[in-house]
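The values are calculated or read from the model by the stated rules, or taken from the named source; none is laboratory data. Because the structure is predicted, anything quoted here is derived from the model rather than measured. Cβ placement follows ideal geometry from the backbone for every residue including glycine, while neighbour counts extend to all protein chains displayed.
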Amino acid sequence: MAHFLDKKYKTKISDADYDIIATGQKRTLGKDDNQGPVFGESARDYIEMVIYNTNGTFLESINLGETKKYINEEGSFKINPGVILRKNGYFSGDYEIEFNFLREVAGSNSTVLVDNFNNIYTGEFDVLIDGTIVKQGNPNAQLREIDYKYFIHQISNDNKEVRIATLPINDERYKREFTGLSESQTIIYADNLDDKLKLNKPSLTNSNEFTFVDNSLVQLEENMVGGELVINDAYEIMDLTGLGPDNDGFILGIGKKGANQRYGKGRINLGDKNNLVTQQNIFDNMFIDIGNDSSKNDEEDMATTAFEVKVDAESGQSGRPLFGGAFVMGYKTAAITGFPLLINTTLTDLDKIASIPNNESKIRLIGRDLVDVTNTFESISKFKFEGNGTEATIPIPTLHKDFGGLYDIEMELSFELSGVKRSLKIYKPNVIAVIPIHKQNDILVADQFINNAGNY
């Protein structure tokens, strides 16, 4: 006759040892802790039937084999202990039995063969007359059988701590499982610095599908199925393959209100970016309401000068943008407003720099007077890079009333990845042209500056 135990939970561990290590805590696999699938869905799940005599003496522990065959259509467990008892030779008598529903977290109840280097051997083998196990066909390659488990090395004097140690098994999975014993989660250890995860749909912000690179040494265990993947100290590798001689990944424009709009004392105009053809176009896009103490007639005169610079005596048009296509502003606007820079990125991955903590960004203005080329000016200002659409107001370092200035911009983004400080430099020539006063002491100051606009 068989009946179920109605007493303290029994294990193959002695009562004394059980009292030391038992915590009384219980959890439902795959439900309480997000650690892998529910019981019965993992290949590492098993049901243990433990048999005792009526005095509580342990007789035998039986692994019932494949777990799923004991689960009915309703998802409940259905086990006939009488059949199992008889199958294992218990045909008569009274027995106390219990069922343990277990999942192997580290180690197992099985044994493995290891060679002289303690590496696990899974090939064919021979057993010699004296019982020695050797690799098949190689009597000198001796193997030995060892439990695939860990052992209690030491128990503290207050019985509150247990030191677990490994057996001489040289196997990465065996070591990895041992390392994760103290954790409440399954830990993935990547020994290869080149191990990388690649999102299958990186364009989606909620993408949760990924693959490891082909040479990855990381192994995902079946008990992780259904769990939550948390990646610590990870970073995304930017794909900058689209960068080249014709694309540095950035477009520098004008922010806030945009071009051909009034800022401060005058407009910031688009300039000759579109390679203007007519004098009227030059006036409308470069000199109208420029903010350099000029009247409309003065502005028309500057447009005439610029058009003449651009006209080629033989072909009619030189095809060369004035000031290299720079935005154009008067010295008064430059002094009061500065330049409202707009930074657009042409590669999505460049936006990721903005999300890296403690990124630092600075802009270096490099200017020169086109009349006296020895007259140069420079300034550095910091700004916060926030990805595509970043705006930063750049102060103009010099009052350009008496002489103009054509400015290049060097932008540097510095950030830290994996403990290594990195930087990205972007150089843009001819971004801002500052026009000096139109006329001073009968000298056409602005015209002198404009006369050199076709050389850049």
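Against the conditions (1) modelled with pLDDT under 90; (2) within 51 Å of the chain's Cα centre (by Cα); (3) not charged (D, E, K, R), VAL311 satisfies every one except (2). One residue stands out among those in segment 106-157 that are surrounded by 15 or more Cβ atoms within 10 Å (Cβ to Cβ) and β-branched (Val, Ile, Thr): the one that is nearest to LYS175 (Cα to Cα), which is ILE120. When you scan segment 335-352, do you find a residue that is closer than 14 Å to ILE450 by Cβ, aromatic (Phe, Trp, Tyr) and either in the same structural domain as LEU399 (by TED's automatic domain parsing) or not in a loop (DSSP other than H, G, I, E, B) (or both), even just one? No, there is no match, as no residue in segment 335-352 is closer than 14 Å to ILE450 by Cβ, aromatic (Phe, Trp, Tyr) and either in the same structural domain as LEU399 (by TED's automatic domain parsing) or not in a loop (DSSP other than H, G, I, E, B) (or both).
In the list PHE99, PHE178, which residue meets the criterion of being within 38 Å of the chain's Cα centre (by Cα) and closer than 27 Å to GLY40 by Cα? Of PHE99, PHE178, the one residue that is within 38 Å of the chain's Cα centre (by Cα) and closer than 27 Å to GLY40 by Cα is PHE178.
Residue count for segment 331-348, restricted to those that are closer than 18 Å to GLY242 by Cβ and surrounded by fewer than 17 Cβ atoms within 10 Å (Cβ to Cβ): 3.
Of all the criteria given as (1) farther than 16 Å from THR111 by Cα; (2) surrounded by 15 or more Cβ atoms within 10 Å (Cβ to Cβ); (3) within 36 Å of the chain's Cα centre (by Cα), the one not satisfied by ALA165 is (2). Only one of the numbered conditions (1) of a type outside the set (Ser, Thr, Tyr); (2) closer than 17 Å to LEU59 by Cβ; (3) not assigned by TED's automatic domain parsing to the domain that holds PHE39 is violated by ILE84, and that is (3).
Scanning segment 124-166 for residues being in a loop (DSSP other than H, G, I, E, B), of a type outside the set (S, T, N, Q), out of contact with any strand residue (DSSP E or B) (no Cβ under 6 Å at 6 or more places or on another chain) and at pLDDT below 90 gives a total of 9.
On the given criteria, is ASP293 out of contact with any Phe, Trp or Tyr (no Cβ under 9 Å at 6 or more places or on another chain) and either surrounded by 16 or more Cβ atoms within 10 Å (Cβ to Cβ) or part of a helix (DSSP H, G or I) (or both)? So ASP293 does not fit the description; no.
With the structure loaded, tell me whether SER379 is part of a strand (DSSP E or B), in the same structural domain as MET329 (by TED's automatic domain parsing) and crowded, with 17+ Cβ neighbours inside 10 Å or whether it fails that test. Criteria not met by SER379.
Restricted to segment 407-421, and to residues there that are part of a strand (DSSP E or B) and touching a residue at least 60 places away in the same chain (Cβ under 8 Å), the residue that is farthest from LYS352 (Cα to Cα) is TYR407.
Within segment 87-97, is even one residue closer than 29 Å to TYR174 by Cα, in a loop (DSSP other than H, G, I, E, B) and in contact (Cβ under 8 Å) with a residue 60 or more places away in the chain? No: segment 87-97 contains no residue that is closer than 29 Å to TYR174 by Cα, in a loop (DSSP other than H, G, I, E, B) and in contact (Cβ under 8 Å) with a residue 60 or more places away in the chain. Residue count for segment 398-446 under the criterion of being over 18 Å from ILE336 (Cα atoms), more than 42 Å from the chain's Cα centre (by Cα), of a type outside the set (Lys, Arg) and surrounded by fewer than 19 Cβ atoms within 10 Å (Cβ to Cβ): the result is 5.
Close contacts from segment 376-395, counting a first residue that is on the phi > 0 side of the Ramachandran plot and a second that is part of a strand (DSSP E or B) and not polar (S, T, N, Q), with Cβ to Cβ under 9 Å and a gap of 6+ residues or different chains, come to GLY387/ILE343; GLY389/LEU342; GLY389/ILE343. If you go through segment 367-375 one residue at a time, do you hit one that is under 25 Å from GLY249 (Cβ atoms) and in the same structural domain as LYS256 (by TED's automatic domain parsing)? Yes, some residue in segment 367-375 is under 25 Å from GLY249 (Cβ atoms) and in the same structural domain as LYS256 (by TED's automatic domain parsing). When residues in segment 361-375 are screened for being over 17 Å from TYR427 (Cα atoms) and surrounded by fewer than 19 Cβ atoms within 10 Å (Cβ to Cβ), 5 of them pass.
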